[in-house]
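Report on the structure given below.
The values are calculated or read from the model by the stated rules, or taken from the named source; none is laboratory data. Quantities reported herein were computed from a predicted structural model and do not represent experimental measurements. Because the Cβ atoms are built from the backbone with ideal geometry, glycine has one as well, and the counts that use them run over all protein chains shown.
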């Protein structure tokens, strides 16, 4: 997707510090954090939202990544959030999971 900020971050077109990466997804700190720690877990494949996902094994890989990220970042208590669609608060139309921890 040419206009997607997350795709541009992954390709290196937009500089960002990737704090975690595996074969399926990567993670960055949110630039407008809503908690002390606010991390975005993003699939490498451009999928607009949960409404567009066909392979739910990817979600399993993303939740495995969340577990790894939380261990790496020493996060024990957190909540996750997935916004689907602009009316639900999705600002970037590329599926991502928020990790929020205080």
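Could you please find all residues in segment 55-80 being touching a strand residue (DSSP E or B) at 6+ places or on another chain (Cβ under 6 Å) and exposed (fewer than 12 other Cβ atoms within 10 Å of the Cβ)?
79
Hey, could you check segment 81-102 for residues that are in contact (Cβ under 8 Å) with a residue 40 or more places away in the chain, in contact with a strand residue (DSSP E or B) (Cβ under 8 Å, 6 or more places away or on another chain) and not in a strand (DSSP E or B) and say which is surrounded by the most Cβ atoms within 10 Å (Cβ to Cβ)?
95
Is it fair to say residue 32 is part of a loop (DSSP other than H, G, I, E, B), under 19 Å from residue 101 (Cα atoms) and without any contact (Cβ under 8 Å) to a residue 40 or more places away in the chain?
When the stated conditions are applied, residue 32 passes them.
Restricting the first residue to segment 36-58 and requiring it to be on the phi < 0 side of the Ramachandran plot and part of a loop (DSSP other than H, G, I, E, B), which pairs with a second residue that is at pLDDT below 95 and exposed (fewer than 11 other Cβ atoms within 10 Å of the Cβ) meet a Cβ separation below 7 Å and a spacing of at least six or different chains?
Short answer, once both residue conditions are applied: 36/102.
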